[in-house]
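S.K.: Below you'll find the structure I mean.
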Amino acid sequence: MKEENVVLQKSYAFAVRIVRLSQFLVKDKQAFQLADQIRRSGTSIGANMEEAVGGQSRKDFVSKCSIAYKETRETHYWLRLLRDTDYIDIPQSHSLLLDCEELLKILTAIIRSTKSGDA
């Protein structure tokens, strides 16, 4: 039986939350540009991890994971900005930021272990 890939599951679930957030921002707040920015970076995390899983080499895998890490950092930025400009409330931002930080930790561990040859 194939083992479940935690980072793929978590990045997909996070992307679903980000799409819903962007829908809310467009519909209720008329924040089209911010919604587009966070949708792009937040959904790119999982897409890059899917590409990483299908990577052609260890170097390709690390490259895609690194891109996913950078997109996660960008998403973290947009979430903080949305919170600090009152587009989203503190409880909502807290939950999303925790998920984002968890992804950052997972991606950091994957990149480090792969680069060191442990993976």
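S.K.: Could you work out how far helix 90-116 tilts from the main Cα principal axis of the chain, as a 0 to 90 degree angle to the nearest 10?
M.R.: Helix 90-116 sits at roughly 20 degrees to that axis.
S.K.: If you don't mind, there's one more thing I want to ask. Among the listed pairs 10/115; 27/64; 27/105; 29/70, give every one whose C-alpha distance is greater than 29 Å.
M.R.: Working: 10/115 22 Å; 27/64 33 Å; 27/105 32 Å; 29/70 27 Å.
Over 29 Å Cα-Cα: 27/64; 27/105.
S.K.: Sort 18, 111, 88 by Cβ crowding within 10 Å, fewest neighbours at the top. Numbers along the way, then the final one.
M.R.: On the way: 18 26, 111 19, 88 23.
Result, fewest neighbours first: 111, 88, 18.
S.K.: Also, I was wondering about something else. Along the positive direction of the dipole of the chain (beta-carbon charges: Lys, Arg +1; Asp, Glu -1; about the Cα centre), which of 32, 108, 97 reaches farthest?
M.R.: Going by the Cα projections, it comes out as 108.
S.K.: Quick one: 16, 62, fewest Cβ neighbours within 10 Å first, how do they rank? The partial results should precede the final answer.
M.R.: Details: 16 12, 62 18.
The fewest-first ordering by Cβ neighbours comes to 16, 62.
S.K.: Taking 0.36 nm per residue of separation and subtracting the Cα-Cα distance, what length does fully extending residue 109 through residue 77 add? If you can, show how the numbers build up before the last one.
M.R.: Working: separation 32, 0.36 × 32 = 11.52 nm, distance 2.07 nm.
This chain segment gains 9.5 nm when fully extended.
S.K.: Please report the orientation-averaged projected area of region 2-50, defined via the convex hull of its C-alpha atoms, in nm². Working shown, then result.
M.R.: Details: hull surface 12.6 nm².
Quarter of the Cα hull surface area: 3.2 nm².
S.K.: Once the piece of chain linking residue 101 and residue 47 is laid out straight, how much longer is it, given 0.36 nm per residue of separation minus the C-alpha distance between them?
M.R.: Separation in residues times 0.36 nm, less the Cα-Cα distance, equals 17.7 nm.
S.K.: At 7 Å along the Cα-to-beta-carbon direction for both residue 36 and residue 9, put a label point, then send me their distance in nm to one decimal.
M.R.: 3.5 nm
S.K.: Per the helix-only calculation at 222 nm, which mean residue ellipticity applies to the chain, given -39500 (n - 2.57) for every DSSP H run of n ≥ 4 and division by its residues, nearest 500 deg cm²/dmol?
M.R.: Working: 4 runs with 95 residues, N = 119.
It lands at -28000 deg cm²/dmol.
S.K.: When 36, 28 are ordered from fewest to most other Cβ atoms inside 10 Å of their Cβ, what list results?
M.R.: Details: 36 13, 28 9.
Neighbour counts put them in this order, fewest first: 28, 36.
S.K.: Now a separate question. Averaged across orientations, what area in nm² does the convex hull of the alpha carbons in region 6-112 project?
M.R.: Working: hull surface 24.3 nm².
That works out to 6.1 nm², a quarter of the Cα hull's surface.
S.K.: I've got another one for you. Work from the charge dipole of the chain (Cβ charges, +1 for Lys and Arg, -1 for Asp and Glu, about the Cα centre) and give the residue of 117, 5, 78 farthest towards its positive end.
M.R.: 117
S.K.: Multiply the residue separation of residue 28 and residue 56 by 0.36 nm, subtract the distance between their alpha-carbon atoms, and state the gained length in nm to one decimal. The partial results should precede the final answer.
M.R.: Working: separation 28, 0.36 × 28 = 10.08 nm, distance 4.28 nm.
Here the answer is 5.8 nm.
Quick note: the coordinates plus some simple rules give every number you see, no bench work behind them. No experiment lies behind these values; they were computed from the predicted model shown. Don't worry about glycine lacking a Cβ; one is built from the backbone with ideal geometry, like all the others, and counts go over all protein chains shown.
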